[in-house]
Amino acid sequence: MRNYTKIAWRNLWRNKRRSMITISSVFFAILLAMLMRSMQNGTYDLMERDAIRNSTGFIQVHAKGYWEDKTIDNTFENTKSLSQKVSSEQNVSQVIPRLESFALASTGKITKGVGIVGTIPAIENSITKLESRVVEGKYFLNKNDNGVLLGDALAKYLKLGIGDTIVLLSQGFHGFTAAGEYPVRGILHFPAPEMNKQLIYMTLATAQYFFAADNRLTSYSLMLENPDKLDKTYQTINDGLGKQYEIMTWDEMMVELKQQIESDNISGMFMLAILYVVVAFGIFGTILMMTFERKREFSIMIAVGMQRYKLALIVFIETLYMGFLGVLSGAIASTPIIYYFYKNPIPLTGEMATAMEEFNVQPILPFAFSAEIFLNQGLIVLILTLIVALYPLANISKFNLISGLRS
Amino acid sequence: MNVIETTNLHKIYNSTQVPVNAVDGIDLTIEKGEFTAIVGPSGCGKTTLLNMIGGLDDPTKGRVTINKVALNTLNQSKLIDFRLHNIGFVFQAYNLIPVLTVKENIGFIMQLQGRGKNECNARIDEMLEAIGLPDKKDQRPNKLSGGQQQRVAVARALASKPQFILADEPTANLDSKATNELLELMEKLNREENMTFIFSTHDDRVMKKARRLISLDDGKVISDVTV
């Protein structure tokens, strides 16, 4: 075997220029593919992470039917046993209880429909960093603060400033009329314009009082220790809570985001597939020429007593060397680039930035730095190389010895 | 002791409009230790006959028997193995493996046979001495002259001590000096190792050295003379 690898290695450098061109084509394909995939995966990770952190959490617990009919009557009681049951699940790192509904916000003669989020300030801030979104005024003073925080676009529309009063009107639990006046404690700015235009945050206690929904919630948002165990955690919670609750994962709740990621991922893979096909034909061209050029030499080797399969093995190893050298050099070259952009994401501007912000995601282009990217792309190219290597194998197994000797 | 026997050997090529009888019913017997030249004009069937004797080409009719083994009874893989262990080939265009050194080329067949490293190295050194190229052992073939390459090709064929050597126009690309050196080498090996040599040639210098001359024309043996 050592002899075959030696012959294959030396054969590789018989036509240095051609081998270098082939290896370079694999190198550039790998470099490009790794950069592309790293950028795509980094962006998807960021989108998922930000979207999960800023809105739904990984898993939400609702009253049965809430997701289809988001009314204040579809709430559940925040009992100690329920809360303990959810938070005692091993993979759950934090639970954010929320009461969310809709209201009419009014000042003077201006009225606007808004979304109300009632939450526990300290927990909310520890996860969504809501306090960092305050651009004017202050964050909630404590969990019973009766002030509100509202998006800057909404404040502008309603012509409200810090210390002004906002009037909220809605339907409370079981048909109660919900109405109240609340001082504006702070103005928030979110990357997503829609959130700026319509969100009002208040403490959970204030929201429950406003909606006459004492101790009731619309959701528990769950953050997880290990997101990879999402399915298992979902299953455990689903099995443990019973049929009066609906348990949903983030991708069920953010279908649009999930679909956007999936379609983008598919188009990315399609581009990669085209790239790989081009590279595969490049390697194939080299192998084809190499096989034809050396037909006489192959014939001599078989004539003097080398079994065809051993000869095929040598050519197969040569092809593997080419693929492997291209993959290895491509991976080595792409690693520092990927690592740099992993540490220093590219800031986005213009339409791209707006699109990201609409999903409540930071407008940056981060790169993913994971072994999976290197392994996947490397494996794909090596598999392609192996497929291409089938040609000389087939050719060597059946070519005519005499015509080869005469060639 | 017979080494090679051909019985009613035919080779007909049908690739042209008119079928060509390249070998037309040849019966031959070649004994151990012979130094035989197959001669005749171009296209008379010398190479085709050698190819069939060497198991490189299948006869259209008839059979080749080597040491009582009929080649047509062997499948492709066994035939290759048979050639590996019984036949040494020397080709007109040397056909050394360009990526291997002289030493590696000489040892190539022995390595295919799976012989031990020490045995290979000892035999390689012996062959390098015999062909007078011990100082070139680490050179690649492209650094050698045509004559030197052909000597290495002979050494490669002989190193594994096959039953016989088939040499197709071995001197065709060599000048007089190289031809004489090569012939002397082959004669010496034939004499010292009792190796059977069969050449195809139309080189007078080779014919003069041969102890048996088989003349072909139009695929038939027209004379078979022992000198």
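The values are calculated or read from the model by the stated rules, or taken from the named source; none is laboratory data. Fair warning: this is a prediction, and the values are worked out from it, not measured in the lab. Ideal geometry is used to build each Cβ from the backbone, glycine not excepted, and the neighbour counts take in all protein chains shown.
State whether one or more residues within the range B:39-55 are touching a residue at least 60 places away in the same chain (Cβ under 8 Å), under 20 Å from B:Q163 (Cα atoms), more than 15 Å from the chain's Cα centre (by Cα) and not in a loop (DSSP other than H, G, I, E, B). No, the conditions are met nowhere in the range B:39-55. Among the numbered conditions (1) closer than 13 Å to A:N3 by Cα; (2) modelled with pLDDT of 90 or more; (3) β-branched (V, I, T), the only one that B:I106 does not meet is (1).
Got a sec? Which of B:F89, B:F108 is touching a strand residue (DSSP E or B) at 6+ places or on another chain (Cβ under 9 Å), within 13 Å of chain A (Cβ to nearest Cβ) and under 21 Å from B:Q163 (Cβ atoms)?
B:F89
A single entry from B:T101, B:T65, B:T47 fulfils the requirement of being hydroxyl-bearing (S, T, Y), in contact with a Ser or Thr (Cβ under 8 Å, 6 or more places away or on another chain) and under 29 Å from B:N142 (Cα atoms): B:T47. Taken together, the residues in the range A:389-400 that are within 14 Å of chain B (Cβ to nearest Cβ) and crowded, with 20+ Cβ neighbours inside 10 Å amount to 1. Just to be sure I understand, how many residues within the range B:59-72 are surrounded by fewer than 14 Cβ atoms within 10 Å (Cβ to Cβ) and within 14 Å of chain A (Cβ to nearest Cβ)? Residues in the range B:59-72 being surrounded by fewer than 14 Cβ atoms within 10 Å (Cβ to Cβ) and within 14 Å of chain A (Cβ to nearest Cβ): 0 in total. Looking at this structure, is A:G118 free of Cβ contacts under 8 Å to residues at least 60 places away in the same chain, under 21 Å from A:L199 (Cβ atoms) and of a type in the set (G, A, S)? No. Hey, any hits in the range B:25-35 for a residue that's among the polar types (S, T, N, Q), more than 11 Å from every other protein chain (Cβ to nearest Cβ) and in a strand (DSSP E or B)? Within the range B:25-35, one or more residues are among the polar types (S, T, N, Q), more than 11 Å from every other protein chain (Cβ to nearest Cβ) and in a strand (DSSP E or B).
Listed by position, the helices (runs of 4 or more DSSP H) contained in the range A:279-388 that have at least 1 residues being within 14 Å of another protein chain (Cβ to nearest Cβ), touching a helix residue (DSSP H, G or I) at 6+ places or on another chain (Cβ under 9 Å) and surrounded by 19 or more Cβ atoms within 10 Å (Cβ to Cβ) are A:295-303, A:308-343.
Taken as a whole, the structure leaves A:R98 outside the set of residues that are at pLDDT below 90 and either under 16 Å from A:L222 (Cα atoms) or in contact with a Lys or Arg (Cβ under 6 Å, 6 or more places away or on another chain) (or both). The residue that is farthest from A:N41 (Cα to Cα), among those in the range A:252-287 that are in contact (Cβ under 8 Å) with a residue 24 or more places away in the chain and touching a Leu at 6+ places or on another chain (Cβ under 9 Å), is A:I283. With the structure loaded, tell me whether B:L144 is at pLDDT 90 or above, of a type outside the set (V, I, T) and within 17 Å of B:F91 (Cβ to Cβ) or whether it fails that test. Yes; evaluated as a whole, the condition is true for this residue.
Quick check on A:D239: is it in a loop (DSSP other than H, G, I, E, B) and more than 14 Å from chain B (Cβ to nearest Cβ)? Lay out the reasoning, then the answer.
Numbers: in a loop (DSSP other than H, G, I, E, B): no; more than 14 Å from chain B (Cβ to nearest Cβ): yes.
No; evaluated as a whole, the condition is false for this residue.
Conditions tested, residue by residue: (1) in contact with a strand residue (DSSP E or B) (Cβ under 8 Å, 6 or more places away or on another chain); (2) free of Cβ contacts under 8 Å to residues at least 60 places away in the same chain.
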| position | (1), (2) |
| --- | --- |
| A:A212 | yes, yes |
| A:S219 | yes, no |
| A:E225 | yes, no |
| A:T233 | yes, no |
| A:G240 | no, no |
| A:W250 | yes, no |
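Contact map, the range A:28-55: residues that are without any contact (Cβ under 8 Å) to a residue 60 or more places away in the chain paired with residues that are part of a helix (DSSP H, G or I) and of a type in the set (A, V, I, L, M, F, W, C), Cβ distance under 8 Å, separation 6+ or inter-chain. No pairs are found.
Those strands (runs of 3 or more DSSP E) of the range A:7-125 in which at least 1 residues are over 32 Å from the mean Cα position of the chain (by Cα) and surrounded by fewer than 19 Cβ atoms within 10 Å (Cβ to Cβ), considering only elements entirely within it, cover A:92-107, A:110-119.
Restricting attention to the range B:9-38, the residues that are surrounded by fewer than 22 Cβ atoms within 10 Å (Cβ to Cβ) and among the aliphatic types (A, V, I, L, M) total 5.
Among B:I97, B:I109, which is of a type in the set (A, V, I, L, M), touching a helix residue (DSSP H, G or I) at 6+ places or on another chain (Cβ under 9 Å) and closer than 30 Å to B:R211 by Cα? One residue alone meets the criteria, B:I109. Here the condition is being among the charged types (D, E, K, R) and within 11 Å of another protein chain (Cβ to nearest Cβ); of B:K103, B:K78, it holds for B:K78 alone. Cβ-Cβ contacts under 8 Å between residues 6 or more apart (or on different chains), taken from a first residue in the range A:377-402 that is in the same structural domain as A:T335 (by TED's automatic domain parsing) to a second residue that is in a loop (DSSP other than H, G, I, E, B), are listed as A:L401/B:L56; A:L401/B:D57; A:I402/B:L56; A:I402/B:D57. If you go through the range A:246-269 and keep only what is in contact with a Lys or Arg (Cβ under 6 Å, 6 or more places away or on another chain) and either exposed (fewer than 13 other Cβ atoms within 10 Å of the Cβ) or more than 29 Å from A:M36 (Cβ to Cβ) (or both), you end up with just A:E246.
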